[in-house]
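First the structure, in the form of structure tokens, and then the observations on it.
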Amino acid sequence: RLDRILDYQPKDLTATVEAGITLDTFKQHLALNEQTVLLEAPQPHSATIGGILAANSSGPSRSSYGTAREWLIGVKVVHSDGRVTKSGGKVVKNVTGYDLNKLYVGSLGTLGIIAEATFKLAPIQPCKQALVATFASVGSALNASARLLNCNYSPNAVQVLSGNALIMLPQRYFPQDAKIAVVISFSGRLKAVERQICET
């Protein structure tokens with residue numbers, strides 16, 4: 001039942017939520033002010049913020065935006081003996097003391113149970129587009145992905161798909177005999193995205 005938004009400051013680009021709120025619900029609330037939290041997780045309609053942080057779950061955009069550690073600025077944790085501790089704060093520029101936030105992210109609850117989390121936020125990008133390319137082998141797809149991630153116009157995300165992951169996507173994007181595909185996504189202002197796609 002810990003699923004509330006406790007504090008949201010759109011002008012400061014920060015928000016504090018309870019650990020049980022789902023990623024989808026959190027993002028939908030932020031979208032009302034054209035803002036977002038740069039977290040990704042499988043099944044965002046059921047993935048909770050506490051679970052994402054405990055597992056340090058991340059998605060294909062981590063190459064551009066980083067993981068949950070980069071966006072978490074404060075946390076409240078309940079320890080096994082019932083003590084409640086806090087680390088970090090509710091402002092983006094907070095450099096006092098040890099950065100214990102990063103310690104709790106990915107600890108899988110072994111150091112304590114995350115009860116609340118404060119994040120820095122980002123504006124929603126006005127334009128998002130994706131390219132899809134198919135390859136004959138995993139090796140060639142991985143080589144192409146590595147080259148894309150090292151370009152000056154590096155995309156937001158590059159994901160190699162095969163097997164069941166490829167089957168789950170709409171087949172209109174792929175030849176029927178496709179075995180391996182690379183999905184490349186871009187976001188930003190319209191002209192910048194168009195230029196990146198042309199250069200790709």
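The values are calculated or read from the model by the stated rules, or taken from the named source; none is laboratory data. Computed from a prediction, not measured in an experiment: that's the story for all the values here. Here the Cβ positions follow ideal geometry from the backbone for every residue, glycine too, while neighbour counts run over all protein chains shown. We work out accessible area using only protein heavy atoms, side chains counted, and drop any ligands, DNA or RNA first. Shrake-Rupley method; radii C 1.70, N 1.55, O 1.52, S 1.80 Å.
Between beta-carbons, use under 15 Å as the cut-off and find the net charge around ARG69, counting Lys and Arg +1, Asp and Glu -1.
Taking every other residue near ARG69 into account, the sum is 0.
Report, in whole Å, the centroid distance computed from the Cα atoms of the stretch 147-200 and the stretch 26-43.
Their Cα centres are 22 Å away from one another.
Write down, largest first, the equivalent ellipsoid semi-axes of the stretch 87-193 in whole Å, where each equals the square root of 5 times an eigenvalue of the alpha-carbon gyration tensor.
Working through the eigenvalues yields semi-axes of 36, 20, 14 Å.
Largest first, what is the accessible-area ranking of THR25, THR110 with a 1.4 Å probe?
THR110, THR25
Mind checking the stretch 128-197 for chymotrypsin sites (Phe, Trp or Tyr not before Pro) that DSSP puts in a loop (not H, G, I, E or B) and that have at most 16 other Cβ atoms within 10 Å?
TYR153
Please check which bits of the stretch 122-165 a label hung off GLU199 would reach, taking the label as a point 7 Å along Cα-to-C-beta and the cut-off as backbone N under 15 Å.
147-157
Hey, what's the chain come to in accessible area per residue, 1.4 Å probe, Å²? Don't skip to the answer; put the middle values down first.
Working: 11880 Å² over 200 residues.
It amounts to 59 Å² per residue over the chain.
With a ≥ b ≥ c the root eigenvalues of the C-alpha gyration tensor of the stretch 46-113, is it rounded (a/c under 1.5), prolate (a/b larger than b/c) or oblate?
Here the stretch 46-113 falls in the oblate category.
Which of the listed residues, ILE114, HIS45, THR85, is farthest toward the dipole's positive end in the stretch 1-124, when Lys, Arg count +1 and Asp, Glu count -1 at the beta-carbon?
The listed residue farthest towards the positive side: THR85.
Per residue, how much space in cubic angstrom lies within the convex hull of the C-alpha atoms of the chain?
Per-residue hull volume (Cα only) is 151 Å³.
What are the semi-axes of the equivalent ellipsoid of the stretch 24-80, taken as the square roots of 5 times the eigenvalues of the Cα gyration tensor, listed largest first and rounded to whole Å? All intermediate terms of the calculation are to be shown ahead of the outcome.
Working: eigenvalues 68, 43, 31 Å².
Working through the eigenvalues yields semi-axes of 18, 15, 12 Å.
Tell me, what % of the accessible area of the chain is carbon and sulfur with a 1.4 angstrom probe?
The C+S portion of the solvent-accessible surface of the chain is 53 percent.
Would you work out the relative contact order for the chain, in percent, from Cα pairs under 8 angstrom that are 6 or more residues apart?
Rounded, it is 20 percent for the chain.
Largest first, how would VAL160, VAL75 line up by accessible area (1.4 Å probe)?
The residues order as VAL160, VAL75, largest area first.
Could you tell me which residue out of GLY139, THR22, ALA157 lies farthest along the dipole of the chain toward its positive end? Charges go on the beta carbon: Lys and Arg +1, Asp and Glu -1, centred on the Cα centre.
With unit charges placed on the Cβ atoms, the residue in question is ALA157.
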